[in-house]
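What follows is a short report on a single structure.
The values are calculated or read from the model by the stated rules, or taken from the named source; none is laboratory data. No experiment lies behind these values; they were computed from the predicted model shown. Positions of Cβ are backbone-derived with ideal geometry, glycine not excepted, and every protein chain shown enters the neighbour counts. Accessible surface areas use protein heavy atoms only, side chains included; no ligands, DNA or RNA. Shrake-Rupley method; radii C 1.70, N 1.55, O 1.52, S 1.80 Å.
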Amino acid sequence: MVKLLFADAHAHSSPTGLGAAEIARRFREKGGWFMALVMLPPWHYGVDAPPGIEMYFKALERFLTECRRAREAGLRVACLAGFHPAEVDRLVSAGMKPEEVLSLGLRVVDHMAQLCRSGMLDGIGEVGRQHYKTMPERLAIAATVTTRALEHARDYDCLVHLHLENAGPVTVDTTEKLVELASAPRSRVLFHHASTRVAKRAGEKGFWATIPGKKEAMRRAFTEANTDYIMIESDYIDDPKRPCVSSCPWEIIDRQLELLREGVVDEEKLYRVNVDNVVKFYRAEPP
Ligand SMILES: [Zn+2]
Ligand SMILES: [Zn+2]
């Protein structure tokens with residue numbers, strides 16, 4: 001019998017919530033070995049700065065501290081920061097002009113790419129498209145920022161976590177075109193919070209996907225998607241007012257063990273998804 005280990009391939013932590021050290025402690029207790037920590041929008045970090053690049057720099061510093069704390073608590077950690085599509089809407093609503101938001105978003109991902117290059121970050125995320133109705137120009141801004149992130153993936157070997165609309169194959173096919181135009185390596189691109197339909201198409205085309213750690217979503221993905229290209233995520237946001245709103249990282253472990261007991265998945269498949277795939281995509285040192 002192999003020792004079961006678990007990874008959370010996309011999660012957030014906040015210094016105003018449990019924080020990365022406590023999250024890592026609870027996750028390790030259940031068998032967690034690896035976590036990809038993705039920066040939240042800057043207003044989650046309690047920084048005192050007007051909307052603009054300084055706000056991002058300050059929030060980024062706090063986020064990098066969170067990554068360090070998770071590492072010190074004994075997890076292997078990948079650390080990613082980007083410009084979430086929802087940030088476009090929030091900044092425009094706060095009074096910034098669309099052209100200002102575009103240039104800020106590009107500056108932010110340019111900065112994140114430099115940190116990838118220097119090894120402080122492993123990748124850029126989240127970038128992508130809004131999954132809800134918004135103004136067309138805001139969608140265009142988010143898509144342009146995403147294109148820039150893909151160019152950086154090509155130039156600096158950054159990972160990219162894409163937050164997209166989950167409309168099935170078309171979500172993957174439209175992104176594939178962008179990836180090709182940017183000449184970004186597919187092996188570095190991940191569709192986060194993917195439905196089984198998106199994950200299936202992504203895997204067929206050599207892209208990665210993370211599946212939300214909900215029981216039904218994992219049941220479908222484990223049986224229908226190509227498990228050589230999927231990982232599991234909590235997308236935990238560490239908001240004390242909304243505890244475990246997507247999933248808590250330790251819950252995704254409990255649920256995978258339930259699926260194992262129910263015979264939906266076997267140990268070999270769990271090992272592939274939680275260890276082999278993480279080592280491949282994140283280039284993490286094996287446990
Ligand atoms: Zn997301
Ligand atoms: Zn997320």
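Listed by position, the helices (runs of 4 or more DSSP H) inside region 1-115 whose residues that are within 16 Å of ligand 1 (Cβ to nearest atom) and either open to solvent by 10 Å² or more (accessible area, probe 1.4 Å) or among the hydroxyl-bearing types (S, T, Y) (or both) number at least 2 are 85-93.
In this entry, G206 is excluded by the filter for residues that are under 24 Å from G31 (Cβ atoms) and either more than 16 Å from ligand 1 (Cβ to nearest atom) or buried (at least 21 other Cβ atoms within 10 Å of the Cβ) (or both). Considering each residue of region 166-177 in turn, at least one proves to be within 15 Å of ligand 2 (Cβ to nearest atom) and either under 16 Å from the mean Cα position of the chain (by Cα) or part of a loop (DSSP other than H, G, I, E, B) (or both). Checking the structure you have, find out if any residue of region 147-154 is in a loop (DSSP other than H, G, I, E, B), within 25 Å of M39 (Cβ to Cβ) and acidic (D, E). Looking for residues that are in a loop (DSSP other than H, G, I, E, B), within 25 Å of M39 (Cβ to Cβ) and acidic (D, E), one finds none in region 147-154, hence no. Within region 116-142, the set of residues being surrounded by fewer than 20 Cβ atoms within 10 Å (Cβ to Cβ) and out of contact with any helix residue (DSSP H, G or I) (no Cβ under 6 Å at 6 or more places or on another chain) comprises S118, G119, M120, H131, Y132, K133, M135, P136, L139, A140. Filtering region 192-220 to residues that are in a loop (DSSP other than H, G, I, E, B), of a type outside the set (S, T, Y) and within 16 Å of ligand 2 (Cβ to nearest atom) leaves H193, A194, G213, K214. Across region 178-191, the number of residues qualifying as open to solvent by 30 Å² or more (accessible area, probe 1.4 Å) and in a loop (DSSP other than H, G, I, E, B) comes to 2.
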